[in-house]
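Asks: Here it is, the structure, as structure tokens.
None of the figures in this text is laboratory data; all of them are computed from the coordinates on show. Bear in mind the structure is a predicted one, so any value in this text is a computation, not a measurement. Note that we place each Cβ from the backbone using ideal geometry, even for glycine, and neighbour counts take in every protein chain shown.
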Amino acid sequence: MNILLFHLMPYADLDLREADKYPHSWVTLPNRFYDPKKGHALYNRYLDEMEYAEDLGFDAVCVNEHHQTAYGLMPSPIVTASALSRRIKRAKIAILGSALPLRANPLTVAEEHAMIDNITGGRLISGFVRGIGCEYHASGVNPTYSLARFNEAHDLIVRAWTEPGPFEFHGKHYHFEYVNVWPRPYQQPHPPIWIPSQGSRETIEFAAHPARKYTYLQTFSPIKAVAKNLLMYRDVAKRHGYTSAPSQLGWATPVYVGETDEAALAECSEHYENFRNRFLGKMSLEMLMPPGYTSRESARAIVAAKTAAHEKVDTRRADELGMMTCGSPRTVADRLIDYMTQIGFGNLLAMLQFGTLPADLTRRNMERFAEYVMPRLRQAAKELYGS
Amino acid sequence: MAFCEEICNIRGSRITLKRGGSGRKLLFLHGANGASGVRPFMEDLARDFDVLVPEHPGFGGSDEPEWLDNIHDVAYFYLDFLEQLNLRDVFLVGASLGGWLALEIAIRDASRLSRLSAVGPLGIHVPGIKRGDMFLWSPEERVRNLFHDQKLADRMLAQPPTAEQIEIEVKNSYTVARLAWEPRMFDPHLAKWLHRIKVPTQIIWGDSDRILPAAYAAEFARLIPGARVDIVGQCGHTPHNEKPQEFARLLREFCR
């Protein structure tokens, strides 16, 4: 069982009332709302929180990539991972992930991840993503090539890590006369590759394929969707003739542990709702799903259903749906163990800071989680999985 | 005037072609919204012309060929199309994305063209002139921003699309993104070669176009030697749909 701390590093000092006047919290929300002095304090606070996670016994800290938004201040997760790589001495550092199609030169991902893997002596978990739809507005990259570029960049990076260089590479989107990456990764044949996703059949098929067996992470979804997608992974594995290990399955989710159920809900509600409804949720379908980003079938279903990109949801409801978990230490531990028993994931990525959750509440949340929830999860995993 | 529809197979890629009327050949290249129906302007023009309205590869009922990557591919496809149908002295008319396509065709090979009319064409970028971003607009905004006369938008919005229309809309939008997402609705290399267009050229623009403002017309006129500019009053991005009679009149006047 791996218990990881997941952080988005949101711009928690956003003037919410002013930002509410704009239709989106991504891409077009003017960056005058970002104050570098406050940003300086936030970056250092968040890095401290991630370093503290190691002291508290987390197995890894997780960083990720988002552009032009208050939702997360890591346009380059490489910078965050680098800043952590000399301070965190035992835990792993997971980049979940680098958005491959957005790179003009995906070899830079192979190089940067390999550098961090070397600096940390093999403590890098390398994640690859396509990036959510908004990133295609922010980067200009053509969303109709998103999947093709992802696949091609992935193949290129894995070959660059594993095949003796120099060799030449000519795909449809990327061309190199010399692929010869220095440094080579510390871990052999290469760092573990994890695939975070909101869940699509294509992605699950890709991750579960026996040639890859990549760990698949379901992010921020109601527990029903988590169960459905992780079960799909296991079915795909079975179809390929193998049984997937719990370590191949993961779930990233906001968690808040309070003294009591009532205190937990009271303390985190506003901050969770800011995360869900303001930082993440203020996004149109056009922004979330540019043409070509999804399969044609899902695009048609979305047009026909006239669904919103993200329905507003309050914390109580989110807790009921298993989109987040909050409560007393016992409630949270019971619930997460229950989910784990039903679904069989071996990686839990707990997001213990979300939205506007301030520093003191974040620390107490991390401490309670580490003190009460973590040991019970580990014990339950030992009984369930034998490890 | 009746239009009939046939399938043309151009070197293995099938497209639909609506054809009606008689007279000089007029090839109309549609814009981002495709050409699934017969529009009043087509009927009008068919009184004087042999009107050909194909659906581009990747649109409507046409195939989505593997080779379809950019606007240049579509331009070369239409050069094949003109050759295969052995069309000569063609009056090439293109609207919006189709206007851009018409210009890409004409800079490559205008030998089968007699004249060219581009209606609110995409294809170039003029610094300092604010364009609309149709990829960020909601479905309602996309309709509203097409028209000057909001009554036309109201009428369009009052009819919910059928499942078949949704399928075509999604297909079209994927192809538009493939061709025009980046750079956004233009080809940085087109402006360099527009001077090569030697056939008589007309630029038509709606004066209240919210996708590409009419100020673009002057830039095209500067880049294409001798181009004539006609601005349509109280009209949005699609003069052929919003002001079909005036549109047809301007084409006839240009041909005189």
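Asks: Limited to region B:86-143, what total is found for residues that are hydroxyl-bearing (Ser, Thr, Tyr) and buried (at least 20 other Cβ atoms within 10 Å of the Cβ)?
Replies: Residues in region B:86-143 being hydroxyl-bearing (Ser, Thr, Tyr) and buried (at least 20 other Cβ atoms within 10 Å of the Cβ): 2 in total.
Asks: Continuing with the same structure: Mind listing whichever residues of region A:226-253 are out of contact with any Phe, Trp or Tyr (no Cβ under 6 Å at 6 or more places or on another chain), small (Gly, Ala, Ser) and not in a loop (DSSP other than H, G, I, E, B)?
Replies: If the condition is that a residue be out of contact with any Phe, Trp or Tyr (no Cβ under 6 Å at 6 or more places or on another chain), small (Gly, Ala, Ser) and not in a loop (DSSP other than H, G, I, E, B), then A:ALA227, A:ALA237, A:SER247 are the ones that fit.
Asks: Go through region B:172-197 residue by residue and tally those that are away from chain A (no Cβ under 14 Å) and exposed (fewer than 15 other Cβ atoms within 10 Å of the Cβ).
Replies: Going through region B:172-197 one residue at a time, the tally reaches 4.
Asks: Considering only residues that are more than 9 Å from every other protein chain (Cβ to nearest Cβ) and either buried (at least 19 other Cβ atoms within 10 Å of the Cβ) or under 19 Å from the mean Cα position of the chain (by Cα) (or both), which ones fall in region B:162-171?
Replies: Within region B:162-171, B:ILE168 is the sole residue that qualifies.
Asks: Oh, and also: Could you please tell me which pairs satisfy a Cβ distance under 7 Å, a separation of 6+ or placement on different chains, a first residue in region A:130-145 that is more than 7 Å from chain B (Cβ to nearest Cβ) and within 17 Å of A:HIS24 (Cβ to Cβ), and a second residue that is among the small types (Gly, Ala, Ser) and part of a helix (DSSP H, G or I)?
Replies: From region A:130-145, the pairs are A:TYR136/A:SER146.
Asks: Across region B:140-152, what is the total count of residues that are closer than 26 Å to B:GLY61 by Cβ, more than 14 Å from chain A (Cβ to nearest Cβ) and assigned to a helix (DSSP H, G or I)?
Replies: Adding up the residues that qualify gives 1.
Asks: Take residues that are farther than 25 Å from B:ARG142 by Cα and tell me which of the helices (runs of 4 or more DSSP H) falling wholly in region B:172-256 contain 3 or more.
Replies: It comes to B:215-223, B:244-255.
Asks: Continuing with the same structure: Exactly one of these conditions fails for A:ASN151: (1) closer than 25 Å to A:LEU285 by Cα; (2) within 14 Å of chain B (Cβ to nearest Cβ). Give me its number.
Replies: The single condition A:ASN151 does not satisfy is (2).
Asks: Here's something else I'd like to know. Looking at region B:9-18, which of the residues that are surrounded by fewer than 17 Cβ atoms within 10 Å (Cβ to Cβ) and in a strand (DSSP E or B) is nearest to the chain's Cα centre (by Cα)?
Replies: Only one residue fits best here, namely B:ARG14.
Asks: From the residues in region A:1-57 that are within 30 Å of A:ALA245 (Cβ to Cβ) and of a type in the set (Gly, Ala, Ser), which one is nearest to the other protein chains (Cβ to nearest Cβ)?
Replies: Within region A:1-57, the match that is nearest to the other protein chains (Cβ to nearest Cβ) is A:ALA53.
Asks: Are any residues in region A:211-262 without any contact (Cβ under 8 Å) to a residue 12 or more places away in the chain and either surrounded by 23 or more Cβ atoms within 10 Å (Cβ to Cβ) or over 22 Å from A:LEU96 (Cα atoms) (or both), and if so, which ones?
Replies: Matches in region A:211-262: A:ASP235, A:LYS238, A:ARG239, A:THR243, A:GLU262.
Asks: If you go through region A:264-286, how many residues are crowded, with 22+ Cβ neighbours inside 10 Å, in a helix (DSSP H, G or I) and basic (Lys, Arg)?
Replies: Qualifying residue count, region A:264-286: 1.
Asks: Against the condition within 14 Å of chain A (Cβ to nearest Cβ), of a type outside the set (A, V, I, L, M, F, W, C) and farther than 23 Å from A:TYR136 by Cα, how does B:PRO200 come out, does it pass?
Replies: When the stated conditions are applied, B:PRO200 does not pass them.
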